[in-house]
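Colleague: Quick one: structure below, then a few questions.
Only the coordinates and a few stated rules stand behind these numbers; no lab work does. It should be emphasised that the depicted structure is a prediction, and the values quoted were computed from it without experimental measurement. Every residue, glycine as well, gets a Cβ built from its backbone with ideal geometry; the counts of neighbours run over all protein chains shown.
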Amino acid sequence: MSGTLNKVMLIGHTGDEIKMHYFEGGGSIGRFPLATNETYTNRTTGERVSNTEWHNIVMRNKAAEICEKYLKKGDKIYIEGRLKTRKWQDDQGRDRYSTEIQCTEFTFLTPKGEGGAMPPDSSSAPAKEQVHTSQPQVEEPIGEEDDDLPF
């Protein structure tokens, strides 16, 4: 196989409010932590063990603004995206690395009555801005069907 794949799918709870950063050209970036949990029973002790993994989520532009408006700390969300590792230097000049999930799609999973409010008419929104072209709708007359279905 010659192709590669960098895809991440997570369902978890937000650990904080979205932190927004705006740029001069009108773009924006939103960042927030996402917690995923793993629970299992230890075979030797019979004790129930729970582990929490924290993920750094990064959203851009319209997706970040939507999440800032409707997502609150503790809300459940489905995130789809790709892994990205950034390199930076700390105050002492040492190289540091941070791995993030660059969100491409998301779906709010917390019901409207719980936690933060959800956007009207939709519980999911793609992170990528999509261009919608309007094509004329052609209505077919009712009762005149040309299909070969037996029912």
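Colleague: Restricting to Cα atoms and excluding each atom paired with itself, what does the Kirkwood estimate give for the stretch 8-126 in Å? List each step's numbers first, then the result.
Modeller: On the way: mean 1/r = 0.0635 Å⁻¹.
Hydrodynamic radius (Kirkwood, Cα pairs) of the stretch 8-126 is 15.8 Å.
Colleague: Let me ask something else about it. I need 24, 38 ordered by Cβ neighbour count within 10 Å, fewest first.
Modeller: Working: 24 5, 38 9.
Exposure proxy ranking, most exposed first: 24, 38.
Colleague: Same structure again: If you filter the stretch 11-72 for chymotrypsin sites (Phe, Trp or Tyr not before Pro), then keep DSSP loop positions with at most 13 other Cβ within 10 Å, what is left? Each step should come with its number before you reach the end.
Modeller: On the way: sites: 22, 23, 40, 54, 70; in loops: 23.
Those satisfying the criteria are 23.
Colleague: Could you tell me whether the stretch 1-62 comes out rounded, prolate or oblate from its Cα gyration tensor? Rule is a ≥ b ≥ c as square roots of the eigenvalues, rounded for a/c under 1.5, then prolate if a/b exceeds b/c, otherwise oblate. The partial results should precede the final answer.
Modeller: Working: a/c = 5.51, a/b = 1.76, b/c = 3.12.
It is oblate, given that a/c is not under 1.5 and a/b is not larger than b/c.
Colleague: Just subtract the alpha-carbon distance of residue 62 and residue 91 from 0.36 nm times their residue separation and send over the number in nm, one decimal. Show your work: numbers first, answer last.
Modeller: Numbers: separation 29, 0.36 × 29 = 10.44 nm, distance 3.28 nm.
Between residue 62 and residue 91, full extension yields an extra 7.2 nm.
Colleague: Evaluate E = 1/(1 + (r/R0)^6) for residue 73 and residue 38, where r is the Cβ-Cβ distance and R0 equals 22 Å; express this FRET efficiency to the nearest 0.05. Mind dumping the intermediate values first?
Modeller: On the way: r = 21 Å, r/R0 = 0.96.
E(calc), rounded to 0.05, equals 0.55.
Colleague: Just rank 109, 71, fewest to most, by other beta-carbon atoms within 10 angstrom. List each step's numbers first, then the result.
Modeller: On the way: 109 16, 71 24.
With the fewest neighbours first, 109, 71 line up as 109, 71.
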